[in-house]
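A quick write-up on the structure given underneath.
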Number of protein chains: 2
Amino acid sequence: MRRNSQSEHDPGGTKERIQHVALELFVLHGYEKTSLREISDRLGITKAALYYHYASKQELLKSVTQPLIDEFELLVAGDPDPETLLRSYVDLLHRHQAVFQLVANDHASLAAAELVERSVKLRRDVVRRLAGPEPQPADYIRAAAAFGAISQGFMLARRVEPAADPALPDVEATAEKAAETAAGLPAPADYPEGAELTRILMDTALAVLRSGS
Amino acid sequence: MRRNSQSEHDPGGTKERIQHVALELFVLHGYEKTSLREISDRLGITKAALYYHYASKQELLKSVTQPLIDEFELLVAGDPDPETLLRSYVDLLHRHQAVFQLVANDHASLAAAELVERSVKLRRDVVRRLAGPEPQPADYIRAAAAFGAISQGFMLARRVEPAADPALPDVEATAEKAAETAAGLPAPADYPEGAELTRILMDTALAVLRSGS
DNA sequence: GTCTATAAACCGATAGAC
DNA sequence: GTCTATCGGTTTATAGAC
């Protein structure tokens, strides 16, 4: 066989290049604000050419968001204990930073991808598992707080910034980039990563869960 | 004097009714997806009538988001110690639940309201203050995690659900409502509120900040 | 696989009557 | 303060040539 037609990483593949550019623009401006013309312009093709590869804007969005949600569901379905669940979640975030940033900051994209139900269910299952046995209402709050601590802590350290594409003027991203990087906080590159970052985030989440005892 | 023309609560005032309906729809579907026709239909007036009260869709959005951001800035400008800052933040969330839910979940609305710079600056200042003196990169991460713990914990307990408006069929909200309320987690009304909720959230955030020692 | 051209729908916003 | 009518622009999506 020559090539698997789906989910192959082949960085030169047109479908993958479309996904990459689309994801970047979706994260930057939001799904609704990003037009197909914007995406095709950046790829140097026309809007109509996009439709050869994806049947609709919605399908393009789905193809981008599916890997994260599928893997998350698989993870939760394994019924892991709280610590394993949290550790796997941090690992998931590492491998799907940009998509996570998209769906976390742009609920409209979740809705457009028809992923609201699945993500609500995921969140429910995670919170339930973190809340422990015979949970009080306060235990659910602590579970959600632990989940939020990891998510927000991770996003500070591993935020996807507008790509400084030297080939294009990239006019519209200038303001955002300046506002975030020169904001007086360390740049993403300065934070711990990998195992060290995971350890820090795990400590915050476990501290939250223990804060009720 | 008869009436202050700005920011009076007068629940019968047309401007306030518009803000209320607009906020609800913005939270539900996102700013970009919500059309002025949708808002005016729900108010029983026409789209054109909206323009008598607000010069543009953007101005309507700004009028809705401004109270939260203004008060947040005032709060941070006071240079409070971490515990006071966190406590005031929880109080702020209590008084601006819906607006917070909007800007937290729909970054497109932040951008449209031209509030990205101010909110980035706010976040930076909060994280800095929570990170303590001579912070390491890991301290910033813990600060962001503490902030996220409070925000997400609060949102679980005080989430704004689609209004069950018996006067209108409210077709489009059915799926969302069913998915969220019947999801197997306590309903917002079942969680602690006020001082008790504040105490729980404060404990989670302080536990995160202490997790580095 | 990419193009030009265009259809069809919707949007924000304005003009002007009442 | 609300209405009807409409303008100008953009969007997603399709048809058909190459």
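The values are calculated or read from the model by the stated rules, or taken from the named source; none is laboratory data. Everything quoted here is computed from the prediction, not taken from an experiment. Glycine also receives a Cβ, built like all others from the backbone with ideal geometry; neighbour counts cover every protein chain displayed. SASA here: full protein model, heavy atoms, side chains in, ligands and nucleic acids out. Shrake-Rupley method; radii C 1.70, N 1.55, O 1.52, S 1.80 Å.
A few notes on this one:
- The stretch B:59-210, accessible surface, carbon-and-sulfur percent (1.4 angstrom probe): 54
- Sequence-distant contacts, meaning Cα pairs under 8 Å at least 6 residues apart, place the relative contact order of the stretch B:1-157 at 22 percent.
- Centre separation in Å (Cα based) which lies between the stretch B:47-67 and the stretch B:102-126: 19
- Occluded residues from the stretch A:16-45, i.e. those whose accessible area drops by 30 Å² or more once the chain is not alone (1.4 Å probe): A:32, A:33
- Think of a 1.4 Å ball rolled over the protein heavy atoms: the stretch B:93-144 then has 42 Å² of accessible area per residue.
- Computed magnitude of the charge dipole of the stretch A:65-210 (debye, nearest 20; Cβ of K, R +1, Cβ of D, E -1): 460
- Pairwise Cα distances in the stretch A:65-210 exceed 22 Å in 46 percent of cases.
- Threshold 30 Å² - residues in the stretch B:95-123 whose accessible area is reduced by that much or more when the chain is no longer isolated, probe 1.4 Å: B:105, B:107, B:120, B:123
- Leading residue at positive end of dipole, the stretch B:3-128 (Cβ point charges), from B:115, B:66, B:53: B:53
- Summed buried accessible surface, chains B and A, 1.4 Å probe, nearest 100 Å²: 3700
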